[in-house]
Amino acid sequence: MTSTLDRTAPRDLAAEVPARLSLTPKTTLAGQLDGAWWPHSRDLEAELPALAATLQEPWGRVTRVTVNPTRWPVVPHTVAVDGHVLHVGWFTEQDPDKLILLSYGVGRWDLLVIPPETEPAAAARLMAAAAIPGSVLTAGVLMANETAIGRGIRDARRRESTWESEGGACMSPFGSPMGRSALPLPANGWR
């Protein structure tokens, strides 16, 4: 697999934009995910500093991150974050739609990673679903469900468009659209 990154894009811009994040509220219910993250790009080196900075207050200093490399063109070994180093690891066995964050002495958090190119409505649904306390849905299941929902909406629109373009129920037996006035009248003459 070959990937290209635009090295001319300023990395500082990603650091200025706040992380798009939805976290599970503090509760005793343990779920599969602790929330969702919707990065602005697939550049981990540019995106991780804003994420780590946003999470520092509620969760403490994030020291390690693991990802599945199938969704990231480049996985750096380390990323500089506010005076410390964030170590980045990758595992092909990890769910490709999940990011794992670790902090010494504080714990582990699993976040659904919403692809940057996701439509805002779909991202909002995914962020809400990933932040439900005690949810047993995994990152992969949430993404598969969203794909099915998105496809269902597109298919319904396409079917409706086809229905309208073909004249709805006004079709000749030969499959061509007919005008409404061309419909045969019932034998008793009622309209």
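Throughout, read-outs are computed from the coordinates displayed, never taken from laboratory work. In this text, all values refer to a predicted model and were calculated from it rather than measured experimentally. A quick note on method: Cβ atoms are made from the backbone with ideal geometry, for glycine too, and the neighbour counts reach across all protein chains shown.
Quick one: net charge of H77's neighbours, Cβ under 14 Å, K/R +1, D/E -1?
Working: positive: R64; negative: E45.
For residues surrounding H77, the net value is 0.
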Apply the Karplus parameterisation 6.51 cos²θ - 1.76 cosθ + 1.60, with θ equal to phi minus 60°, to every residue of the range 99-112 and state each ³J(HN,Hα) to the nearest whole Hz, in sequence, with x for glycine and proline. 10, 10, 10, 10, 9, 4, x, 10, x, 10, 9, 10, 10, 5
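Excluding K26 itself, what net charge comes from residues whose Cβ is under 14 Å from its Cβ, given Lys and Arg +1 and Asp and Glu -1? Mind showing how you got there, number by number?
Details: positive: none; negative: D34, E57.
Net charge around K26: -2.
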Averaged over all directions, how much area does the convex hull of the C-alpha atoms of the range 43-85 cover when projected, in nm²? 3.0 nm²
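Assign one of three labels to the range 24-103, namely rounded, prolate or oblate, based on the Cα gyration tensor with a ≥ b ≥ c the square roots of its eigenvalues; rounded applies when a/c is under 1.5, prolate when it is not and a/b is larger than b/c, and oblate otherwise. Provide the component values of the computation, followed by the final result.
Values: a/c = 1.76, a/b = 1.17, b/c = 1.50.
Verdict is oblate for the range 24-103.
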Please compute the net charge surrounding R125, taking Lys and Arg as +1 and Asp and Glu as -1 over other residues with Cβ under 10 Å from its Cβ. -2
